[in-house]
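So the structure is just underneath, and the comments pick up after that.
Derivation of every value follows stated rules applied to the coordinates shown; laboratory data play no part. Everything numeric in this text was worked out from a predicted model, so none of it was measured. Cβ sites come from the backbone with ideal geometry, for glycine too, and all protein chains shown count toward neighbours.
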Amino acid sequence: MPIKKILIVDDSKTELMFLGDLLRKSGLLVRTAQGGDEALRQLSEERPDLILMDVVMPGKNGFQLTRSISRNPEYEAIPIFMCTSKSLETDRVWGMRQGARDYITKPVDAAELLLKIKALG
């Protein structure tokens, strides 16, 4: 099933704008959330085909949010890409153990992100 709807979860308005513009220009439908509570609200309103998840956020961090989404039977089929500035191998491993399908470090390489999204669908 091709990826059409993406939810971006990041507390940075700059990142939300950058990623949102990039994905919209590629013909994808984008919704954004500035943190865990808003992300969960967005999930309950409309199911995305993919979630791009930042790690460092106030409240629930991206690792915690990824774990709770990926272990919820209602949402477990939604793939999550961690999209973060945390670039240590231990962070990548931990993110994948929480249920992420992929782990992308910032600054995001646009071509790489689009290829990974296309490969997923």
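Summary table
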{"quantity": "Qualifying positions in the range 82-121 - small (Gly, Ala, Ser), under 20 Å from THR14 (Cα atoms) and assigned to a helix (DSSP H, G or I)", "calculated": "ALA110, ALA111"}
{"quantity": "In the range 72-83, the residues that are crowded, with 17+ Cβ neighbours inside 10 Å and without any contact (Cβ under 8 Å) to a residue 60 or more places away in the chain", "calculated": "TYR75, ILE78, PRO79, ILE80, PHE81, MET82"}
{"quantity": "Filtered residues of the range 52-105 (kept if aromatic (Phe, Trp, Tyr) and within 23 Å of ALA119 (Cα to Cα))", "calculated": "TYR75, PHE81, TRP94, TYR103"}
{"quantity": "Residue in the range 86-101 that is of a type in the set (D, E, K, R), under 24 Å from MET1 (Cβ atoms) and in contact with a helix residue (DSSP H, G or I) (Cβ under 6 Å, 6 or more places away or on another chain) present", "calculated": "no"}
{"quantity": "Residue list for the range 46-81, filter: of a type in the set (A, V, I, L, M), over 24 Å from PRO2 (Cβ atoms) and part of a loop (DSSP other than H, G, I, E, B)", "calculated": "VAL55, VAL56, MET57"}
{"quantity": "Looking only at the range 6-29, and only at residues there that are buried (at least 16 other Cβ atoms within 10 Å of the Cβ) and of a type outside the set (A, V, I, L, M), the one that is farthest from ILE69 (Cα to Cα)", "calculated": "PHE18"}
{"quantity": "Members of the range 36-45 that are closer than 19 Å to LEU19 by Cα and surrounded by fewer than 18 Cβ atoms within 10 Å (Cβ to Cβ)", "calculated": "GLU38"}
{"quantity": "Selection from the range 105-116 of residues that are of a type outside the set (D, E, K, R) and either without any contact (Cβ under 8 Å) to a residue 40 or more places away in the chain or out of contact with any Ser or Thr (no Cβ under 8 Å at 6 or more places or on another chain) (or both)", "calculated": "THR105, PRO107, VAL108, ALA110, ALA111, LEU113, LEU115"}
{"quantity": "Which listed residue is in a helix (DSSP H, G or I), of a type outside the set (Lys, Arg) and touching a residue at least 40 places away in the same chain (Cβ under 8 Å), from LEU43, LEU7, LEU22", "calculated": "LEU22"}
{"quantity": "Hits in the range 84-103 (condition: closer than 19 Å to ARG71 by Cβ and either small (Gly, Ala, Ser) or in contact (Cβ under 8 Å) with a residue 24 or more places away in the chain (or both))", "calculated": "TRP94, GLY95, GLN98, GLY99, ALA100"}
{"quantity": "Residue in the range 102-121 that is surrounded by the fewest Cβ atoms within 10 Å (Cβ to Cβ), counting only those that are under 19 Å from MET1 (Cβ atoms) and among the charged types (D, E, K, R)", "calculated": "LYS118"}
